[in-house]
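What follows is a single structure, written as structure tokens, with notes after it.
What follows is calculated from the coordinates using simple rules that are stated; it is not laboratory data. Everything numeric in this text was worked out from a predicted model, so none of it was measured. Cβ coordinates were reconstructed from backbone atoms using ideal geometry, including for glycine residues, and neighbour counts include every protein chain displayed.
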Amino acid sequence: MTETVLRPSAEQQYAAELDALAAADDRPKPPMWKLSPQAVVRYVLGGELPDGTAITPKYVGDRRIVEVAVATLATDRALLLVGVPGTAKSWLSEHLAAAISGDSTLVVQGTAGTSEEAVRYGWNYARLIAEGPSEAALVPSPILRAMKTGAIARVEELTRMPSEVQDSLITVLSEKALPVPELNFQVQAVPGFSVIATANDRDRGVNQMSSALARRFNTVVLPPPASEDAEVEIVASRSAQLGRALQLPAEPPALEEVRRVVRVFRELRGGSTVDGRTQLKKPSGSLSTAEAISVITSGMALAAHFGDGRLGADELAAGLLGAVVKDRVSDTAAWQEYLEAVVKERPDWRDLYRACQDHDLAGYA
């Protein structure tokens, strides 16, 4: 019996698609890869196999970006995915690792408290004290495990880690080896090993990468969705997937409600209305696509448990306020201006205007 988990990994959730792609894949594969580069791109971007199996899109964007990313991993270069928050860096990283290695769980999460042991290795101190330094007492990091098995290791939010911890990757990326001086040997990576790192330069707490480390990566920039339609498609599909995963007894979000949230975010991000006639104050938050997905998903939960199951203006209002108003003073002023100058003047948005006005802004600051 398969255990139900809250968030299955990509290789678990899309196991049937990966199996179908592998069965139909007759192209050459790099060492230790589960799929050929062409099949990896098809898995990420979606399509239909000759036997009729539908492959769902995992990333909505420029095909060339995905091809460059996959081609990089087929060489001895590491891949750095850069973009503003919400551009699906982690999502793409996970699915690339799942398609290439069949394992997307070899992850180092970068934070201000990430230590060098999380990147290199640690020690089982009970065995270390009892037996002294030995390979059995060594606790490998996800990167070390990936080196031994020829898999893809992921480093999330690389620039959130302290600079000295970041630089512990330099030897791994340049020499494809990790010295263990306590045991007087080094671990050498087997074919198939590579690293996918993600980073952004928009959030607080970012530590600049050294030029020595940056040279070891091939950098691919993931842009925000180019058009409103593309962003609506992303938000609608991911919200529906999350609703099913969370077993929310609500209807899938209507496209018109998703479009309203996406338009609010895009107009406030850009500092002007979609027609360019009204200039707006920009809030302090990023208002990313990921946050738009969160607004829709939380609205679906409200509709399911405290409404009639249909997502509407009342359910969206609370999420919008929480996403926009991060700073009590500046963001409250920007949001109120947007409500009065834009939302109130759109006849088909009057319900959203009333719902937002009914909420106490002070509670979201």
Net length gained if the chain between L6 and V221 were fully extended (0.36 nm per residue, minus Cα distance) = 74.4 nm
remark   = For the stretch 177-286, the Debye formula with one identical point scatterer on each Cα and no solvent gives log10 I(q)/I(0) at q = 0.10, 0.14, 0.20 Å⁻¹ as -0.58, -0.88, -1.17
request  = Report, in debye and to the nearest 20, how large the dipole of the stretch 228-364 comes out about its Cα centre when Lys and Arg carry +1 and Asp and Glu carry -1 on their Cβ.
outcome  = 280
task = Pop out the Kirkwood hydrodynamic radius of the stretch 224-353 from its pairwise C-alpha distances, inverse of mean 1/r, in Å to one decimal.
result = 14.8
Centre separation in Å (Cα based) which lies between the stretch 79-131 and the stretch 253-272 = 33
key: FRET efficiency for F185 and T105, using Cβ-Cβ distance with R0 set to 30 Å, rounded to 0.05   = 0.70
ask   = Quick one: Cα centre-to-centre distance for the stretch 20-43 and the stretch 174-195, in angstrom?
value = 27
request  = Enter the per residue convex hull volume of the chain, computed from alpha-carbon coordinates, in Å³ rounded to the nearest integer.
outcome  = 181
message = Between D308 and A22, what is 0.36 nm times their sequence separation minus the Cα-Cα distance? Round to one decimal in nm.
response = 98.6 nm
request  = List W123, W91 from most exposed to least, where exposure is judged by having the fewest other Cβ atoms within 10 Å.
outcome  = W123, W91
task = Can you list which of the trypsin sites (Lys or Arg not before Pro) found in the stretch 214-285 are DSSP loop residues with at most 10 other C-beta atoms within 10 Å?
result = R277
request  = Report the residue, chosen from L79, L21, L183, that carries the largest GNM mean-square fluctuation when the chain is represented by alpha-carbon nodes joined by springs under 10 Å.
outcome  = L183
ask   = Taking R0 as 45 Å, what's the FRET efficiency between A254 and R77 from their Cβ-Cβ distance, rounded to 0.05?
value = 0.55
message = Within the stretch 213-230, list the residues whose amide N lies under 13 Å from a label point set 7 Å along Cα→Cβ of S174.
response = 213-217
inquiry  = Can you compute the helix-only [θ] at 222 nm over the chain? Use -39500 (n - 2.57) per DSSP H run of at least 4 residues, normalise by all residues, nearest 500 deg cm²/dmol.
reply    = -12500 deg cm²/dmol
key: Inter-probe distance in nm under a simple model that places probes 7 Å from Cα toward Cβ, at R328 and A214   = 3.9
message = Please arrange V44, V274, V342 by how many other C-beta atoms lie within 10 Å of their C-beta, fewest to most.
response = V274, V342, V44
query = Stretched out fully, how many nm does the piece from A245 to V139 gain, at 0.36 nm a residue minus the Cα gap?
reply = 34.8 nm
Whole-number D in µm²/s for the stretch 10-221 (Stokes-Einstein; Kirkwood sum over Cα pairs; 25 °C, 0.890 mPa s) = 137
